[in-house]
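Shown next, in C-alpha coordinates, is the structure this report addresses.
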Amino acid sequence: MQLINVGFGNIIVANRIIAIISPESAPVKRIIQEAKDQGRAIDATCGRKTRAVIIMDSDHMVLSAIQPETIAGRFEEENAQKDSEEI
(Lines give C-alpha, C1' and ligand atoms only; values in the text may rest on other atoms or scores of the structure.)
Protein backbone atom coordinates (compact mmCIF):
# COMPACT_ATOMS: atom_id res chain seq x y z
CA MET A 1 0.00 0.00 0.00
CA GLN A 2 1.49 3.30 -1.14
CA LEU A 3 0.73 6.45 0.89
CA ILE A 4 0.98 10.08 -0.27
CA ASN A 5 1.33 13.10 2.03
CA VAL A 6 -1.23 15.74 1.00
CA GLY A 7 -0.02 18.30 3.53
CA PHE A 8 -0.01 19.04 7.25
CA GLY A 9 0.42 15.40 8.23
CA ASN A 10 -2.55 14.20 6.18
CA ILE A 11 -1.91 11.05 4.19
CA ILE A 12 -4.03 9.22 1.61
CA VAL A 13 -3.72 5.89 -0.18
CA ALA A 14 -2.17 6.52 -3.60
CA ASN A 15 -3.81 3.55 -5.30
CA ARG A 16 -7.27 5.04 -4.69
CA ILE A 17 -6.58 8.36 -6.48
CA ILE A 18 -8.46 8.91 -9.74
CA ALA A 19 -7.48 12.53 -10.45
CA ILE A 20 -5.76 15.57 -8.98
CA ILE A 21 -7.30 18.81 -10.26
CA SER A 22 -7.16 22.54 -9.66
CA PRO A 23 -10.17 24.04 -7.84
CA GLU A 24 -10.22 27.29 -9.84
CA SER A 25 -12.94 26.62 -12.42
CA ALA A 26 -16.64 27.12 -11.74
CA PRO A 27 -17.61 23.49 -12.53
CA VAL A 28 -15.05 22.18 -10.04
CA LYS A 29 -16.28 24.63 -7.40
CA ARG A 30 -19.83 23.30 -7.92
CA ILE A 31 -18.62 19.71 -7.61
CA ILE A 32 -16.80 20.59 -4.36
CA GLN A 33 -19.93 22.25 -2.95
CA GLU A 34 -22.04 19.21 -3.86
CA ALA A 35 -19.51 16.91 -2.17
CA LYS A 36 -19.56 19.09 0.96
CA ASP A 37 -23.37 19.05 1.03
CA GLN A 38 -23.41 15.26 0.70
CA GLY A 39 -20.64 14.69 3.25
CA ARG A 40 -18.17 13.33 0.67
CA ALA A 41 -15.59 16.13 1.00
CA ILE A 42 -12.57 15.64 3.22
CA ASP A 43 -10.94 18.97 4.07
CA ALA A 44 -7.20 18.48 4.59
CA THR A 45 -6.32 22.17 4.16
CA CYS A 46 -6.10 23.01 7.89
CA GLY A 47 -7.83 26.34 7.23
CA ARG A 48 -5.69 27.36 4.29
CA LYS A 49 -6.71 28.02 0.69
CA THR A 50 -7.64 24.94 -1.35
CA ARG A 51 -5.09 24.50 -4.13
CA ALA A 52 -5.79 20.91 -5.19
CA VAL A 53 -8.81 18.64 -5.28
CA ILE A 54 -8.05 14.92 -5.17
CA ILE A 55 -10.84 12.73 -6.48
CA MET A 56 -10.84 9.25 -4.97
CA ASP A 57 -12.35 6.03 -6.32
CA SER A 58 -14.72 5.93 -3.34
CA ASP A 59 -16.43 9.09 -4.73
CA HIS A 60 -14.84 11.21 -1.98
CA MET A 61 -12.94 14.44 -2.61
CA VAL A 62 -9.89 15.41 -0.60
CA LEU A 63 -9.20 19.14 -0.49
CA SER A 64 -5.51 19.99 -0.12
CA ALA A 65 -3.57 23.22 0.38
CA ILE A 66 -0.70 21.86 -1.74
CA GLN A 67 -0.40 22.48 -5.49
CA PRO A 68 -1.49 19.59 -7.78
CA GLU A 69 2.01 19.49 -9.32
CA THR A 70 3.58 18.96 -5.89
CA ILE A 71 1.24 16.10 -5.05
CA ALA A 72 1.87 14.50 -8.45
CA GLY A 73 5.61 14.87 -7.89
CA ARG A 74 5.35 13.08 -4.55
CA PHE A 75 3.41 10.31 -6.23
CA GLU A 76 6.13 9.96 -8.90
CA GLU A 77 8.87 9.95 -6.25
CA GLU A 78 7.13 7.11 -4.42
CA ASN A 79 6.87 5.13 -7.67
CA ALA A 80 10.56 5.73 -8.46
CA GLN A 81 11.59 4.54 -5.00
CA LYS A 82 9.39 1.47 -5.31
CA ASP A 83 10.89 0.64 -8.72
CA SER A 84 14.46 1.02 -7.43
CA GLU A 85 13.71 -1.29 -4.48
CA GLU A 86 12.46 -4.01 -6.84
CA ILE A 87 15.72 -4.02 -8.82
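Tabulated results
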read-out: Of residues in the range 65-87 being free of Cβ contacts under 8 Å to residues at least 60 places away in the same chain and β-branched (Val, Ile, Thr), the one nearest to GLY39 (Cα to Cα); value: THR70
read-out: From the options GLU78, GLU34, residue that is open to solvent by less than 80 Å² (accessible area, probe 1.4 Å) and among the charged types (D, E, K, R); value: GLU78
read-out: Of the criteria (1) open to solvent by 60 Å² or more (accessible area, probe 1.4 Å); (2) more than 14 Å from the chain's Cα centre (by Cα), which one ASN5 fails; value: (2)
read-out: Qualifying residue in the range 40-59 (condition: of a type in the set (Asp, Glu), out of contact with any strand residue (DSSP E or B) (no Cβ under 7 Å at 6 or more places or on another chain) and touching a residue at least 12 places away in the same chain (Cβ under 8 Å)); value: yes
read-out: Selection status of ILE20, farther than 19 Å from ASN79 by Cα and not acidic (Asp, Glu); value: no
read-out: Check on GLU69, loosely packed, with under 14 Cβ neighbours inside 10 Å, among the acidic types (Asp, Glu) and out of contact with any Cys (no Cβ under 6 Å at 6 or more places or on another chain); value: yes
read-out: Meets criteria (part of a helix (DSSP H, G or I) and either open to solvent by less than 80 Å² (accessible area, probe 1.4 Å) or at positive phi (or both)) for GLY47; value: no
read-out: Exclusive hit being in a strand (DSSP E or B) and either in contact (Cβ under 8 Å) with a residue 40 or more places away in the chain or open to solvent by less than 70 Å² (accessible area, probe 1.4 Å) (or both), set VAL28, VAL62; value: VAL62
read-out: Selection count where residues are open to solvent by 70 Å² or more (accessible area, probe 1.4 Å), within 11 Å of ILE54 (Cα to Cα) and of a type outside the set (Lys, Arg), scope the range 8-25; value: 1
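The values are calculated or read from the model by the stated rules, or taken from the named source; none is laboratory data. The model shown is predicted, which means the values in this text are computed figures rather than measured ones. We place every Cβ from the backbone using ideal geometry, glycine too, and count neighbours over all the protein chains shown. Ligands, DNA and RNA are stripped out before the accessible areas are found, and what is left, the full protein with its side chains, is counted by its heavy atoms. Shrake-Rupley method; radii C 1.70, N 1.55, O 1.52, S 1.80 Å.
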